[in-house]
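These notes are about the structure you will find just below.
Coordinate-derived values only; no laboratory data. As the structure is a computational prediction, the values presented were derived from the model and not from experiment. Ideal geometry is used to build each Cβ from the backbone, glycine not excepted, and the neighbour counts take in all protein chains shown.
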Protein chains: 2
Amino acid sequence: MSGLKFRTEHQVRGYECDFQGEITIPSLINEMVHVSSMQSEALGNTEESMMMRGLSWIIIQYNIDISRIPERDERIILETEAVSYNRFFTYRIFRALDLEENLLVEVFTTFSIMDLETRKMIRIDKEIVAPYKADEIRTLIRQPKIVSVCEETKSEKPFRVRYLDIDANKHVNNAKYFDWVINTVEMEFLLAHQIKSINIKYEKEVEFGTMISSSISTKEQEDGTILTAHQIINGTTIACVANIIWEKR
Amino acid sequence: MSGLKFRTEHQVRGYECDFQGEITIPSLINEMVHVSSMQSEALGNTEESMMMRGLSWIIIQYNIDISRIPERDERIILETEAVSYNRFFTYRIFRALDLEENLLVEVFTTFSIMDLETRKMIRIDKEIVAPYKADEIRTLIRQPKIVSVCEETKSEKPFRVRYLDIDANKHVNNAKYFDWVINTVEMEFLLAHQIKSINIKYEKEVEFGTMISSSISTKEQEDGTILTAHQIINGTTIACVANIIWEKR
């Protein structure tokens, strides 16, 4: 059960890395999503052709599992696979592998298609997804539930939505939210822990110029890992929720 | 008069582009500087080997001239050339060309070498620069003077230096400053104008966690172009100054 795969090689750049020389989540996700653009282009399904139909792919949720995060200068394989689709969602997996084909990062992604005029989700058009040869399914693929931010213990930081946060798709780049999420975590914690998994869900677009608030609460789990719960709010509207599981370095 | 050249091809990604589908200055500069890292690597002069000597390249000034800014999905050639060096500075040109070798963007860059412990510039070590076969010169190459921000008419925006602003070189990525500079410009102005040239000078590093203030003043010039003067201040210390010349789209 799966559709077409597409892969490319990428050398991790210094500017894509954080203080610790590891590729940042926004950089990795951006480059992964670019691989699906390459696949779409190869199949004649460019973002432009979507735009000309008044449509755009939107990302609803990422589930990221990290075995080992790629490092500066490392050559990696980036792979994408159109898995399946139902009436409202398409499911796609992104993978980062080392050159010996060991799986480093796997990202299960839920997409939908938005009408650019109404900014609403529309039914998946079979004609659009046909080239990817993914399986049509009748069920929704449920993702792990996201634990809410603890209102009592949360801390928050404000962020202004900047002009350069908006990309060629004319809305805030999905990877930007990781920036707002990760930049609420204390430096000392970031240096002592590494990310094991991330579950992030996009609820509502944020617009240029608005001030958003990104909050975080922290909870130690039974297995010794630490869960941070995140919430990005625009006024009173929840724009994005996320959980990150961390383990000690 | 010139040293070794190195070139590579790059396809502009959607995430590297702004609202208008044009590659952003930070994305372009990052990818250009990456090409010089590739050259250094090919010559056995990696950032790591510099770090092991307790040294790091630092960028003092960029002079960017834009004939046409590369667009989303466009394939471009990125070229770098080690031009010359004197006792304290090395000079390097970056170029973006289209596949017919038309020059799109040229960036004249002044580098120096910093001692990572004292955070001070040191004399250029001939052994380090020798592999690039650049000319040794006795003179300083003067760059155009940067017009100061007009204190009476300036407006300013605060920015927090975020964890993800720091890259694998363990300091704020140079391209980040363009973010702070460009994000002070009003949206309406950005949509109606395009950048003709940028002259940016780095005066002093900014550290993680500090709040910096980025100010801008605008002046119409005799030739009809518009000059914006920029200043990034950390407390009372000037961290960075820049001029951008804009023309109507």
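Filter the GluC sites (Glu not before Pro) in region B:90-136 down to the DSSP loop ones having no more than 16 other Cβ atoms within 10 Å, then list what survives. Counting only loop positions with at most 16 other Cβ atoms within 10 Å, the GluC sites (Glu not before Pro) in region B:90-136 are B:Glu100, B:Glu101, B:Glu117. With label points defined 7 Å past Cα in the direction of Cβ, position B:Lys219 shows copy-to-copy spacings of 5.7 nm, given to one decimal and shortest first. The lysines whose alpha-carbon is closer than 20 Å to the alpha-carbon of B:Lys154, local same-chain residues fewer than 8 away aside, are B:Lys145, B:Lys201, B:Lys219. Extents of region A:5-136, largest first, come to 42, 27, 24 Å (Cα atoms, principal axes, whole angstrom).
With each label modelled as a point 7 angstrom along the Cα→C-beta vector, the A:Lys196-A:Glu117 pair spans 4.9 nm.
Annotation for region B:28-86: trypsin sites (Lys or Arg not before Pro) lying in DSSP loop with at most 16 further Cβ atoms inside 10 Å of their Cβ are B:Arg53, B:Arg68. Less than 22 Å apart at the alpha-carbon level, and either on another chain or at least 8 residues along: which lysines does that give for B:Lys126? The qualifying lysines are B:Lys5.
In this structure the amide hydrogen of A:Ile60, modeled in the peptide plane, comes within under 5 Å of the amide hydrogens of A:Thr110, A:Phe111, A:Ser112, none closer than 5 places in sequence on its chain.
By the beta-carbon count within 10 Å of each Cβ, the least crowded to most crowded order of A:Ile212, B:Ile60, B:Ile238, fewest first, is B:Ile238, B:Ile60, A:Ile212. Here the residues A:Leu104, B:Leu28, B:Leu140, ranked from fewest to most Cβ neighbours within 10 Å of their Cβ, fall in the order B:Leu140, A:Leu104, B:Leu28. Each of B:Arg75 and A:Glu247 was given a label point 7 Å from its Cα along the Cα-to-Cβ line. The distance between the two points is 4.2 nm. If you plug the beta carbon distance of B:Phe88 and B:Glu152 into 1/(1 + (r/R0)^6) with R0 = 25 Å, you get a FRET efficiency near 0.10.
For chain B, a Gaussian network of Cα nodes joined below 10 Å ranks B:Ile166, B:Ile232, B:Ile77 by mean-square fluctuation, and the top entry is B:Ile166. In order along region B:136-151, the phi-based Karplus estimate (6.51 cos²θ - 1.76 cosθ + 1.60, θ = phi - 60°) of 3J(HN,Hα) comes to 7, 10, 9, 9, 8, 8, 6, 9, x, 5, 9, 5, 6, 5, 7, 4 Hz; Gly and Pro are listed as x. For B:Gly54, inter-copy separations between label points set 7 Å beyond Cα along the Cβ vector come to 6.7 nm, shortest first. Across chain A, the convex hull enclosing all Cα atoms gives 138 Å³ per residue. Considering every pair of different Cα atoms, what Kirkwood radius, in Å, is found for the protein assembly as shown? Hydrodynamic radius (Kirkwood, Cα pairs) of the protein assembly as shown is 24.0 Å.
In order along region B:241-248, phi translates into HN-Hα couplings of 10, 7, 10, 10, 9, 10, 10, 5 Hz, rounded to whole numbers, per the Karplus curve 6.51 cos²θ - 1.76 cosθ + 1.60 with θ = phi - 60° and x for Gly and Pro.
With springs connecting C-alpha atoms under 10 Å apart, model chain B as a Gaussian network and identify which of B:Thr80, B:Thr109, B:Thr218 has the largest mean-square fluctuation. Checking each option, the largest mean-square fluctuation is seen for B:Thr218. Annotation note: trypsin sites (Lys or Arg not before Pro) in region B:122-213 located in DSSP loop regions with a Cβ neighbour count of at most 13 within 10 Å are B:Arg123, B:Lys133, B:Arg138, B:Arg142, B:Lys145, B:Lys204.
Take each residue in B:159-172, count the other chain C-beta atoms within 10 Å of its C-beta, and the mean is 6.
Plainly put, the tip 7 Å out from Cα toward Cβ on B:Lys196 is 5.8 nm from that tip on each other copy, the closest given first. Cα centroids of region A:152-219 and region B:2-23: how far apart, whole angstrom? Spelled out, the Cα-based centre of one part sits 26 Å from the other. Peptide A:41-50 has a mean shielding of 1, counted as Cβ atoms of other protein chains within 10 Å of each residue's Cβ. Quick one: go through region B:116-156 and flag any residue whose amide nitrogen is under 14 Å from the point 7 Å out along the Cα-to-Cβ line of B:Ile226. What the label zone holds, given the 14 Å backbone N cut-off, is B:155. Derived scalar couplings between HN and Hα for region B:88-104 equal 10, 10, 10, 10, 9, 10, 10, 9, 10, 10, 7, 6, 8, 6, 6, 6, 9 Hz in order, rounded to whole Hz, by the Karplus curve 6.51 cos²θ - 1.76 cosθ + 1.60 (θ = phi - 60°), x for Gly and Pro. Within the listed set A:Ser36, A:Ser27, A:Ser49, the Gaussian network model of chain A (springs between alpha-carbon atoms below 10 Å) gives the highest mean-square fluctuation for A:Ser49.
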